[in-house]
Amino acid sequence: MKNIVIAAGYATRLYPLTENFPKPLLKVGSRNILERMLDDIDRLPEIDSHIIVTNHKFAPIFEEWAKTVRYTKPVTIIDDGTSSNETRLGAVRDLLLAIERCDVDDDIMVLAADNILEFSLRGFVDFFKEKGTSVIMCHHEPELHRLQRTGVIAVDDSMRVLEMQEKPEVPVSNWAVPPFYIYSKSDLPLIRDCIAHGCGFDAPGNLAHYLADVSTLHAWPMPAGRFDIGSLDSYKEAQERFK
């Protein structure tokens, strides 16, 4: 299984910290955001490589960082060639670029690089193996205004996804979807052709939304919390939590 981390964003809400430095490499305690994620993933025997997609502006910084870390699985940095927020490819196109550049023909774990998880992804991988389909993550969200800013799913008793909405005015449930996915090798043909069939490409959830209509997905409830580092306030909160 390939671990593909989407790290191409420009994170304007964290300026000036991220104006000339990538958000995933910001320090939180003794480790940066990306390392906190990879430290867990690298221990999973099912993962055989880490592929990190970034923009042209930050690619040299990630390349230098990659020389300083020691993981048991190889780390590959993909430069998507973009140099501004206005010309960005979008998360789905970055994923497709990684699949093409690295000739991926395997199950893939896809993660957004600006999150710190308070649990291991071991359970997520086990759930994927149990269900035998592509899987997404979900968590219970009681606040309507938060549900209206994210993906929302309806599921059956086996956690099979029945419907997925993107930033709905009227959510079908309280199950919100964070940007963590495992896509089955059997869905790769659908993924490779998704843009041609109308899949959105800006947000990582666009692909899960598309696959929910054309394939079978199951959703794994998060067993604990996460820090989404999307603003200076959330970054400061994470720093306090992980001193």
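The values are calculated or read from the model by the stated rules, or taken from the named source; none is laboratory data. This is a predicted model, so every value here is computed, not measured. For neighbour counting, all protein chains shown are included, and Cβ atoms are generated from backbone atoms with ideal geometry for every residue, glycine included.
Which of the residues belonging to region 118-151 are surrounded by fewer than 21 Cβ atoms within 10 Å (Cβ to Cβ) and among the aliphatic types (A, V, I, L, M)?
Of everything in region 118-151, just one residue is surrounded by fewer than 21 Cβ atoms within 10 Å (Cβ to Cβ) and among the aliphatic types (A, V, I, L, M), namely Leu144.
Would you point out which residue out of Pro189, Pro171 is outside the structural domain of Leu111 (by TED's automatic domain parsing), surrounded by fewer than 16 Cβ atoms within 10 Å (Cβ to Cβ) and not aromatic (Phe, Trp, Tyr)? Break it down stepwise before answering.
Details: Pro171 fails: surrounded by fewer than 16 Cβ atoms within 10 Å (Cβ to Cβ).
Going through Pro189, Pro171 in turn, just one is outside the structural domain of Leu111 (by TED's automatic domain parsing), surrounded by fewer than 16 Cβ atoms within 10 Å (Cβ to Cβ) and not aromatic (Phe, Trp, Tyr): Pro189.
Under 8 Å by Cβ, and 6 or more places apart or on different chains, what pairs join a residue from region 130-147 that is without any contact (Cβ under 8 Å) to a residue 60 or more places away in the chain with one that is among the small types (Gly, Ala, Ser)?
Listed pairs, sorted by first residue: Gly132/Ser184; Glu141/Ala176; Arg146/Ala176; Leu147/Ala176.
Taking the conditions exactly as written (over 26 Å from Ile116 (Cβ atoms) and out of contact with any strand residue (DSSP E or B) (no Cβ under 8 Å at 6 or more places or on another chain)), does Ala212 satisfy them or not?
Values: over 26 Å from Ile116 (Cβ atoms): yes; out of contact with any strand residue (DSSP E or B) (no Cβ under 8 Å at 6 or more places or on another chain): no.
In short, no.
Tell me which residues, restricted to region 1-48, are within 23 Å of Leu89 (Cα to Cα) and part of a strand (DSSP E or B).
Correct list: Lys2, Asn3, Ile4, Val5, Ile6.
Is region 200-216 home to any residue that is at pLDDT 95 or above and outside any helix (DSSP H, G or I)?
yes
Collect the residues in region 225-241 that are within 17 Å of the chain's Cα centre (by Cα) and surrounded by fewer than 20 Cβ atoms within 10 Å (Cβ to Cβ), keeping them in residue-number order. Show your work before the answer.
Taking region 225-241 first, the residues within 17 Å of the chain's Cα centre (by Cα) are 225-230.
Answer for region 225-241, where residues must be within 17 Å of the chain's Cα centre (by Cα) and surrounded by fewer than 20 Cβ atoms within 10 Å (Cβ to Cβ): Gly225, Arg226, Asp228, Gly230.
Listed here are the residues, each with its yes/no results for (1) exposed (fewer than 15 other Cβ atoms within 10 Å of the Cβ); (2) at pLDDT 95 or above; (3) charged (D, E, K, R).
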| site | (1), (2), (3) |
| --- | --- |
| Gly9 | no, no, no |
| Glu19 | yes, no, yes |
| Leu38 | no, yes, no |
| Ile47 | no, yes, no |
| His50 | no, yes, no |
| Cys102 | no, yes, no |
| Asp105 | yes, yes, yes |
